[in-house]
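To start, the structure under review is shown below, and the notes come after it.
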Amino acid sequence: MDIDVNQLKEDWCGRQFDEVQIPVAAKEIVEFAQACGETAARFTDPSDPDFQAPPSYTSRFHGGRAMPKDFPIQSHQGFDAGKCVHVNGPLRAGDTVTARSEIHDIYTKTGRSGNMLFIVHRMTFTNQNEEPISVVDWRLVQNQVSRKSKREAGQS
Amino acid sequence: MILDLHSHSIRSDDGRAKVENYCQWIRKRELPLDGFVLTEHRQWDAKSDYRKLEDETGLCILKGSEVETEYGHVLLFGVNDDLVAALDFSRLDLPLHEVVAAADRCGAIAVPCHPGRVTVGMCAHYGTLGPCEGVQVIETLNGGSRGTENEEAIALAEQYGYRGVGGSDAHIVSFIGRCATKFEREIRDIGDLVSELRGDAYEAVSFKE
């Protein structure tokens, strides 16, 4: 590996680099729920007394920037390795969520395609009362072997 | 007794299954498993205690690890404080001969897994690095293998006289038990498992449809 992962972690992990406020509208909740194939009324019918966003709803949001300013790896330099949503409380129509972004973890592993570097981008969501709504971990993976090979071959 | 010797829970970065859900799946689907071993990636999960779940489900739930070496990935059974002190589980380039020797010294056993898999299996590395001394057992049946990867693992075992075990390498619930190991004797704890793996009264079995 040509990246010092421990140094990268020390320099960047756990520091909030972005914060945005996002209003939540009933129409958008319904559209998201329907797109996901949800049929339960509490996700699709605004008149339902328990109407709320589906559990994965906050995974649709992104902040003002994907990675911290000057972070050595930007999102276009890897590919999406999936999102994990931990739900802490219901998100309702009319709420305004605050999303705070940080680099949560950086680690390496080996797989069929060689050495991979994973960056875990965490967005923590709270509502207008600062009550926890959810935590979304998005993993960005970068294939270290292919990057190095390209560099050695004089490609970008 | 049939145990799936290779599985991952949400404690692994790429695991998507809760241990409780593995148990529910095994019972609901009436899988021919008596238990499974959780082999989380690059770590030793010392904290998790599954004894209550064992009592509730009647399944044997044991813990191991999966570490990474220059020959590929390796399962460790019988991990204890001594072995944790001897090896940096987070490294991607542990020397396999050191892993095997440390496991042996600490009362554990190292089992290279998915040997037929490119990059992270030992078959490909035997050509360039040569055989690794001390290896006795390899995973000949892996539930996540593709194409001829398991056949290559079986051929390697036959060539070098290794004993073979099976494991699903499950990361999601429905993959548990796709491959497993059938033991002649009962296994009640990790000590029993290590002891049995050092013998030869077992065989790898596949339940892949």
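The values are calculated or read from the model by the stated rules, or taken from the named source; none is laboratory data. Model, not experiment: these values are computed from the prediction. Note: ideal-geometry Cβ built from the backbone for every residue, glycine included; neighbour counts use all protein chains shown. Note: accessible area is taken over every heavy atom of the protein model, side chains too, but ligands, DNA and RNA are not part of it. Shrake-Rupley method; radii C 1.70, N 1.55, O 1.52, S 1.80 Å.
Quick one: of the DSSP bridges fully inside segment B:16-129, what percent are antiparallel, nearest 5? Walk me through the numbers before you get to the answer.
Details: 10 of 18 bridges.
About 55 percent, rounded to the nearest 5.
What are the residues whose amide H is under 5 Å from the amide H of residue B:63, where those residues sit 5 or more places off or on another chain and H is modelled from the backbone?
Here B:38 satisfy the definition.
Using r as the Cβ-Cβ distance of residue A:129 and residue B:24, and R0 as 35 Å, what FRET efficiency do you calculate, to the nearest 0.05? Spell out each step's value before the answer.
Working: r = 36 Å, r/R0 = 1.02.
Result of the calculation: an efficiency of 0.45.
Residues with beta-carbon under 14 Å from that of residue B:80, excluding residue B:80: net charge, scoring Lys, Arg +1 and Asp, Glu -1?
Working: positive: B:63, B:105; negative: B:45, B:81, B:82, B:104, B:189.
Once positives and negatives cancel, what remains is -3.
With θ set to phi - 60°, apply the Karplus curve 6.51 cos²θ - 1.76 cosθ + 1.60 along segment A:127-137 and write out the HN-Hα couplings as whole Hz, x wherever there is a Gly or Pro.
8, 5, 9, 6, 7, x, 10, 6, 10, 10, 9
Counting DSSP beta bridges in chain B, what percent are antiparallel, to the nearest 5? Walk me through the numbers before you get to the answer.
On the way: 17 of 34 bridges.
For chain B, the DSSP antiparallel bridge percentage is about 50.
Compute the distance in nm between two label points, each set 7 Å from the Cα along the Cα-to-Cβ direction, one at residue B:49 and one at residue B:158.
Using points 7 Å along Cα→Cβ, the separation is 4.8 nm.
Round to a whole angstrom and tell me the spacing of the C-alpha centers of segment B:133-189 and segment B:1-72.
Centre-to-centre distance over Cα atoms comes out at 15 Å.
Take every DSSP beta bridge with both residues inside the protein assembly as shown and express the antiparallel ones as a percent of the total, to the nearest 5.
Numbers: 55 of 73 bridges.
Here the share of antiparallel DSSP bridges comes out near 75 percent.
Which one, A:41, A:51, A:138, projects farthest toward the positive side of the charge dipole computed for chain A from Cβ point charges (K/R +1, D/E -1)?
So the residue we want is A:138.
In sequence order, what are the phi-derived ³J(HN,Hα) couplings for segment B:175-180 according to the Karplus relation 6.51 cos²θ - 1.76 cosθ + 1.60 with θ = phi - 60°, rounded to whole Hz, with x for glycine and proline?
8, 4, x, 5, 9, 7
Taking each residue in A:104-113, count the Cβ atoms of any other chain within 10 Å of its Cβ, then average. What number comes out?
On the way: counts 0, 1, 0, 5, 5, 10, 10, 7, 8, 3.
Neighbouring Cβ atoms belonging to other protein chains average 5 per residue here.
In the protein assembly as shown, what percent of the accessible surface is made up of carbon and sulfur (1.4 Å probe, ligands and nucleic acids excluded)?
Details: 8190 of 17520 Å².
Carbon and sulfur: 47 percent of the exposed surface of the protein assembly as shown.
Excluding residue A:51 itself, calculate the net charge of residues whose Cβ lies under 15 Å from the Cβ of residue A:51, where each Lys or Arg counts +1 and each Asp or Glu counts -1.
Numbers: positive: A:27, A:42, A:92; negative: A:28, A:31, A:38, A:45, A:48, A:50, A:95.
Overall, the nearby charge balance is -4.
Amide H to amide H, which residues 5 or more places from residue B:42 or on other chains are under 5 Å from it, using H placed in the peptide plane?
B:66, B:67
Hey, got the dipole for segment B:2-206? About the Cα centre, +1 on K and R Cβ, -1 on D and E Cβ, debye to the nearest 20?
Numbers: 21 positive and 35 negative charges, 110 e Å.
Here segment B:2-206 has a charge dipole of around 540 debye.
Just to confirm a number: summing +1 for Lys and Arg and -1 for Asp and Glu over residues other than residue A:6 whose beta-carbon lies under 13 angstrom from that of residue A:6, what do you get?
Details: positive: A:9, B:91; negative: A:4, A:10, A:11, A:105, B:88.
Within the 13 Å Cβ shell, the charges total -3.
If you place +1 on the Cβ of every Lys and Arg, -1 on the Cβ of every Asp and Glu, and leave all else neutral, what size is the dipole of segment B:1-96 about its Cα centre, to the nearest 20 Debye? Could you put the intermediate results ahead of the total?
Numbers: 12 positive and 19 negative charges, 84 e Å.
The calculation lands at about 400 debye.
Tell me which of B:125, B:33, A:116 sits at the most positive position along the dipole axis of the protein assembly as shown, charges placed on C-beta atoms (Lys, Arg +1; Asp, Glu -1).
It is A:116.
Alpha carbon centre of segment B:86-100 versus segment A:1-62: separation in Å?
Cα centres, segment B:86-100 to segment A:1-62: 38 Å.
I'd like the interface area for chains B and A: accessible area of each alone minus the complex, both sides summed, 1.4 Å probe, protein heavy atoms only. What is it in Å² to the nearest 100? Intermediate results must be reported in sequence, preceding the final value.
Numbers: alone 9760 and 8790 Å², together 17520 Å².
The summed interface area works out to 1000 Å².
Would you work out which of A:128, A:90, A:13 lies farthest towards the positive end of the dipole of segment A:5-145? Charges go on Cβ: Lys and Arg +1, Asp and Glu -1.
A:13
Dividing the alpha-carbon radius of gyration of the protein assembly as shown by 2.2 N^0.38 Å (N being the number of residues), what value is obtained?
Working: Rg = 22.9 Å, N = 365, 2.2 N^0.38 = 20.7 Å.
Rg over 2.2 N^0.38 Å, computed on Cα atoms: 1.11.
Let me check against my output: what whole-number percent is the relative contact order of chain B, with C-alpha pairs under 8 Å and at least 6 apart?
Worked out over chain B, it gives 23 percent.
Provide a list, ordered by number, of residues in segment B:98-123 showing at least 20 Å² less accessible area with every protein chain present than when their chain is taken on its own, using a 1.4 Å probe.
Buried by 20 Å² or more upon assembly, which counts only protein chains, are B:117, B:118, B:119, B:120.
Please tell me the relative contact order of segment B:103-209 in percent, rounded to the nearest whole number, where contacts are Cα pairs under 8 Å and at least six residues apart. Display every interim value, and only then the final one.
On the way: 196 pairs, mean separation 25.2, N = 107.
Value for segment B:103-209: 24 percent.
³J(HN,Hα) across segment B:141-154 via Karplus (A = 6.51, B = -1.76, C = 1.60, θ = phi - 60°), whole Hz, x for Gly/Pro?
Each residue's phi maps through the Karplus curve to give 10, 10, x, x, 5, 10, x, 9, 4, 5, 4, 5, 5, 5 Hz.
For residue A:13, which sequence-distant residues (separation of 5 or more, or a different chain) have an amide H within less than 5 Å of its own amide H, given hydrogens modelled in the peptide plane?
Those lying under 5 Å, H to H, from residue A:13: there are none.
With +1 on the Cβ of every Lys and Arg and -1 on the Cβ of every Asp and Glu, and nothing else charged, how large is the dipole of segment B:143-185 about its Cα centre, in debye rounded to the nearest 20? Could the numbers behind the result be given before it?
On the way: 5 positive and 6 negative charges, 46 e Å.
With Lys and Arg at +1 and Asp and Glu at -1, about 220 debye.
Could you tell me the relative contact order of segment A:5-145? Use alpha-carbon pairs under 8 Å, at least six residues apart, and round to a whole percent. Mind showing how you got there, number by number?
Details: 293 pairs, mean separation 39.9, N = 141.
Computed over segment A:5-145, the figure is 28 percent.
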